[in-house]
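What follows is one structure encoded as structure tokens, with my remarks underneath.
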């Protein structure tokens with residue numbers, strides 16, 4: 001059976017950055033299961049499994065546009081210091097959970113701390129990065 005959109009599949013994978021650092025892996029855990037073409041995975045990963053067969057393995061490299069998108073400098077926002085609790089010890093690189101206008105959670109990274117405000121980066125942490133994956137198909141339904 002060859003994978004096509006609509007199949008429910010299980011895969012083992014290891015994701016690495018260009019320098020070889022592993023950012024995620026299913027090794028030692030249950031395989032990742034998802035429906036192909038349903039938008040549950042980043043675009044390039046979802047497209048890469050189409051045409052593969054059970055037991056097949058492959059390596060792929062995804063440009064930012066096929067993964068979490070390019071970095072968007074418009075997603076660096078200044079928030080007044082008064083919006084943070086006085087006792088909060090902010091540090092550059094710290095991850096915080098913010099809310100968008102609809103009240104949905106948005107992860108953000110402290111990019112810069114100034115006298116009057118804090119510059120928060122709400123880009124996805126992997127935006128702008130090229131990602132490598134080793135994929136092994138475990139099951140196709």
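The values are calculated or read from the model by the stated rules, or taken from the named source; none is laboratory data. From a predicted model like this one, the values you see are computed outputs, not experimental measurements. Don't worry about glycine lacking a Cβ; one is built from the backbone with ideal geometry, like all the others, and counts go over all protein chains shown.
Values as computed for the structure displayed
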item	result
Hits in the range 89-100 - residues which are part of a loop (DSSP other than H, G, I, E, B) and surrounded by 10 or more Cβ atoms within 10 Å (Cβ to Cβ)	90, 92, 94
Tally of residues being in contact with a strand residue (DSSP E or B) (Cβ under 7 Å, 6 or more places away or on another chain) and surrounded by 14 or more Cβ atoms within 10 Å (Cβ to Cβ) across the range 43-52	5
Residue 89 over 24 Å from residue 34 (Cα atoms) and touching a residue at least 24 places away in the same chain (Cβ under 8 Å)	no
Single match in 103, 20, 28, 55 (criterion: in contact (Cβ under 8 Å) with a residue 24 or more places away in the chain, loosely packed, with under 11 Cβ neighbours inside 10 Å and part of a loop (DSSP other than H, G, I, E, B))	55
Flag if residue 41 is modelled with pLDDT of 95 or more, more than 17 Å from the chain's Cα centre (by Cα) and outside the structural domain of residue 117 (by TED's automatic domain parsing)	no
Selection from the range 31-42 of residues that are loosely packed, with under 15 Cβ neighbours inside 10 Å and either closer than 18 Å to residue 107 by Cβ or touching a helix residue (DSSP H, G or I) at 6+ places or on another chain (Cβ under 6 Å) (or both)	none
Criterion: surrounded by fewer than 16 Cβ atoms within 10 Å (Cβ to Cβ) and either at pLDDT 95 or above or in contact with a helix residue (DSSP H, G or I) (Cβ under 6 Å, 6 or more places away or on another chain) (or both) - qualifying residue of 70, 64	70
